[in-house]
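Taking it in order: structure first as structure tokens, then the write-up.
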Amino acid sequence: MPETSRRDLIMTAAAALAAPASAIARTGRDVDPWASRAINDAERGYLMLAGRKIAGDLGWPDWIETATLQDHYRIRMPARQLFASRSTSLLPRGTQILTAMAPAMITWKIRVEIVSHVQPGDDSYAAAIRTERRSEAVRGALMSRGVDGHRLLATGLGHRFPLAEATADGFERNERVSFLVRPL
């Protein structure tokens, strides 16, 4: 078997990176299904109904926040509902919450981005890793309950974009998991 040279590896990697750009050039449009785009009123209404169904399946607890935004419907909850403090493993309660959310995600024609945040002040690298693992844990749990993995995107943002000051009171607002519901 011939030995692969470093040059061959670099050329292969460069070709793989150029493929999406050539697809855009051929089609004249972005091929990334997760790219943000303006949505029309019908899509906004559909997302609002889907998001309300997901939140409604949880019984509309007082710890859940929902909002209709320009290109998605957001469902936000404190991370403590899904995870123990500083943990990346789902709590039994977190598994129950995701089990309740999954049927609506399967039925409605939506994509869901799972975004995790932690409290500012942690080491940036450790925070980024922990939030990515939390988002992946949620994605994996939803996939195990039948949600199509191609319709789920896991994103960990570390301690960027805090909602409150890094105090004991702000901890719960900053340690959060958001579900960004978008049209297919």
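Laboratory data are not the source of any read-out in this text; all were calculated from the coordinates shown. All of these numbers come straight from a predicted model, not from anything done at the bench. Positions of Cβ are generated from backbone atoms using ideal geometry, with glycine treated the same way; all protein chains shown enter the neighbour counts.
Please order Ser178, Ser87, Ser135 by the number of other Cβ within 10 Å, starting at the fewest. Working shown, then result.
On the way: Ser178 21, Ser87 15, Ser135 24.
Taking fewest neighbouring Cβ atoms as first place, the list is Ser87, Ser178, Ser135.
Kindly state, to the nearest 0.05, the FRET efficiency for Asp148 paired with Ser124, given R0 = 25 Å and r defined as their beta-carbon distance. Intermediate values should be presented prior to the final figure.
Values: r = 32 Å, r/R0 = 1.30.
FRET efficiency, Asp148 to Ser124: 0.15.
Please report His117, His150, His159 as a ranked list, fewest other C-beta atoms within 10 angstrom at the top and most at the bottom.
Values: His117 26, His150 9, His159 21.
Ascending Cβ contact count within 10 Å gives the list His150, His159, His117.
Return a whole-number percent for the relative contact order of segment 37-183, with Cα pairs under 8 Å and 6 or more residues apart as the contact set.
Over segment 37-183, the number comes to 31 percent.
Taking θ = phi - 60°, what integer Hz values does the Karplus form 6.51 cos²θ - 1.76 cosθ + 1.60 yield along segment 51-57, in sequence order, with x for Gly and Pro?
Result, ordered by residue: x, 5, 5, 4, 5, x, 5 Hz.
Can you list residues whose amide H is under 5 Å from Phe83's amide H, if they're 5+ apart or on another chain and H is modeled 1.01 Å from N?
Amide H to amide H, under 5 Å and 5 or more residues apart or across chains, Phe83 pairs with Leu91.
How large is the charge dipole for segment 37-183, taken about the Cα centre, if only the Cβ atoms of Lys, Arg (+1) and Asp, Glu (-1) carry charge, to the nearest 20 debye? Please list the in-between numbers first.
Values: 21 positive and 16 negative charges, 84 e Å.
Dipole size: approximately 400 debye.
Please report, in debye to the nearest 20, how large the charge dipole of segment 126-168 is about its Cα centre when each Lys and Arg carries +1 at its beta carbon and each Asp and Glu carries -1 there.
Numbers: 7 positive and 4 negative charges, 21 e Å.
The dipole magnitude comes to about 100 debye.
Taking 0.36 nm per intervening residue step and subtracting the Cα-Cα distance, what contour gain separates Leu184 from Ala84 on full extension?
Details: separation 100, 0.36 × 100 = 36.00 nm, distance 3.24 nm.
Net length gain for the segment: 32.8 nm.
Using the Cα atoms of segment 37-183, I'd like the radius of gyration and the largest Cα-Cα distance, Dmax, both in angstrom.
14.6, 43
Among Phe179, Gln70, Gly146, whose Cα sits farthest toward the positive end of the charge dipole of segment 37-183 (+1 at Cβ of Lys/Arg, -1 at Cβ of Asp/Glu, about the Cα centre)?
Going by the Cα projections, it comes out as Gly146.
So what J values fall out for segment 99-112 if you push phi through Karplus, 6.51 cos²θ - 1.76 cosθ + 1.60 with θ = phi - 60°, rounded to Hz, Gly and Pro as x?
Running phi through 6.51 cos²θ - 1.76 cosθ + 1.60 with θ = phi - 60° gives 4, 6, 7, 4, x, 5, 5, 6, 6, 7, 7, 9, 10, 10 Hz.
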